[in-house]
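Comments concern the structure below.
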Amino acid sequence: NKTMGTTVNYAYVTLAVILIAIVAYFVFSAVNKKNQYPRNHIAENNIAIVDLKDQSKVHININSKLEQLNDFSSERRVALQGEAFFDIKPDENRPFIIELNEKDHVKVLGTSFNLVNTEDVFDLIVYSGKVELQTLNRSIILEKNDRVSRYEDAYIKLKNRNLNAVSWKSGILVFDETPLD
């Protein structure tokens, strides 16, 4: 009987070790996946709000995707497909880069702006700070209330007159001297 009791104890110890190993594997896998990049933030049916590691905040519009390309330790780099409102914390040593495609990007140090980047539409409106658009092998600097839109293959810079450009985020529509009909 003494041998049988020892065998049962070894069986329990072995079972406990196996269970601990399985739990440790899943915990380590979950932590490891959390630290993998690129990391996708997708807004399918609702607006998504993403708080980034650098304390910047991004509101992602419905049917849009923000791809965080790295952990922001040496550089802050994301890619956008769709529409998002960015509120970027200043960091002079690490500009915030938004890749638009293989050649073009938006570069900011600290600012707030709305960006639409789809196959058919490009629209960038700056609400505070400065933004640099790198496209067509040139740089376009935008400041508060500046807007750049793409028409066919040309980019046009103008003053923003659209009071409802971010109504998708704020839930507020502005009607200024607009007839009710």
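The values are calculated or read from the model by the stated rules, or taken from the named source; none is laboratory data. Since this is a predicted model, take the numbers as computed values, not measurements. As a convention, Cβ positions derive from the backbone with ideal geometry for all residues, glycine included, and neighbour counts pool all protein chains shown. These accessible areas exclude ligands, DNA and RNA; they are computed on the full protein's heavy atoms, side chains included. Shrake-Rupley method; radii C 1.70, N 1.55, O 1.52, S 1.80 Å.
Would you confirm whether or not segment 65-87 contains a residue that is surrounded by 16 or more Cβ atoms within 10 Å (Cβ to Cβ), in a strand (DSSP E or B), at pLDDT below 95 and among the β-branched types (V, I, T)?
No; the residues of segment 65-87 include none that is surrounded by 16 or more Cβ atoms within 10 Å (Cβ to Cβ), in a strand (DSSP E or B), at pLDDT below 95 and among the β-branched types (V, I, T).
Given the condition at pLDDT below 95, part of a loop (DSSP other than H, G, I, E, B), exposed (fewer than 13 other Cβ atoms within 10 Å of the Cβ) and over 20 Å from the mean Cα position of the chain (by Cα), answer yes or no: does some residue in segment 27-40 qualify?
no
Would you be able to tell me the number of residues in segment 115-129 that are among the hydroxyl-bearing types (S, T, Y) and part of a strand (DSSP E or B)?
2
Does R77 meet the test of being charged (D, E, K, R), within 18 Å of the chain's Cα centre (by Cα) and farther than 22 Å from I47 by Cβ?
The answer is yes for R77.
Determine if segment 104-114 includes at least one residue that is outside any strand (DSSP E or B), open to solvent by 60 Å² or more (accessible area, probe 1.4 Å), in contact with a Pro (Cβ under 7 Å, 6 or more places away or on another chain) and under 23 Å from Y37 (Cα atoms).
yes
If the Cβ limit is 6 Å and pairs must be 6+ apart or interchain, which residue in segment 155-176 that is closer than 19 Å to V106 by Cα pairs with which residue that is at pLDDT 90 or above and in a loop (DSSP other than H, G, I, E, B)?
K159/N145; N160/N145
Return the residues of segment 130-159 that are at pLDDT 95 or above, in a loop (DSSP other than H, G, I, E, B) and of a type outside the set (K, R); say none if nothing qualifies.
Result: E143, N145.
Considering K53, K65, K57, K89, which residue is in contact with a Gly (Cβ under 7 Å, 6 or more places away or on another chain) and closer than 18 Å to T111 by Cα?
When all the criteria are applied, what remains is K89.
How about segment 49-64: which of its residues are of a type in the set (A, V, I, L, M), open to solvent by 10 Å² or more (accessible area, probe 1.4 Å) and closer than 20 Å to D123 by Cβ?
The one that is of a type in the set (A, V, I, L, M), open to solvent by 10 Å² or more (accessible area, probe 1.4 Å) and closer than 20 Å to D123 by Cβ: I62.
Which of the residues belonging to segment 129-139 are surrounded by 15 or more Cβ atoms within 10 Å (Cβ to Cβ) and basic (K, R)?
Correct list: K130 only.
Here's the yes/no breakdown for (1) open to solvent by less than 70 Å² (accessible area, probe 1.4 Å); (2) within 20 Å of H41 (Cβ to Cβ); (3) of a type outside the set (D, E, K, R):
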| position | (1), (2), (3) |
| --- | --- |
| I98 | yes, yes, yes |
| V116 | yes, yes, yes |
| Y127 | yes, no, yes |
| I141 | no, no, yes |
| Y151 | no, no, yes |
| V174 | yes, no, yes |
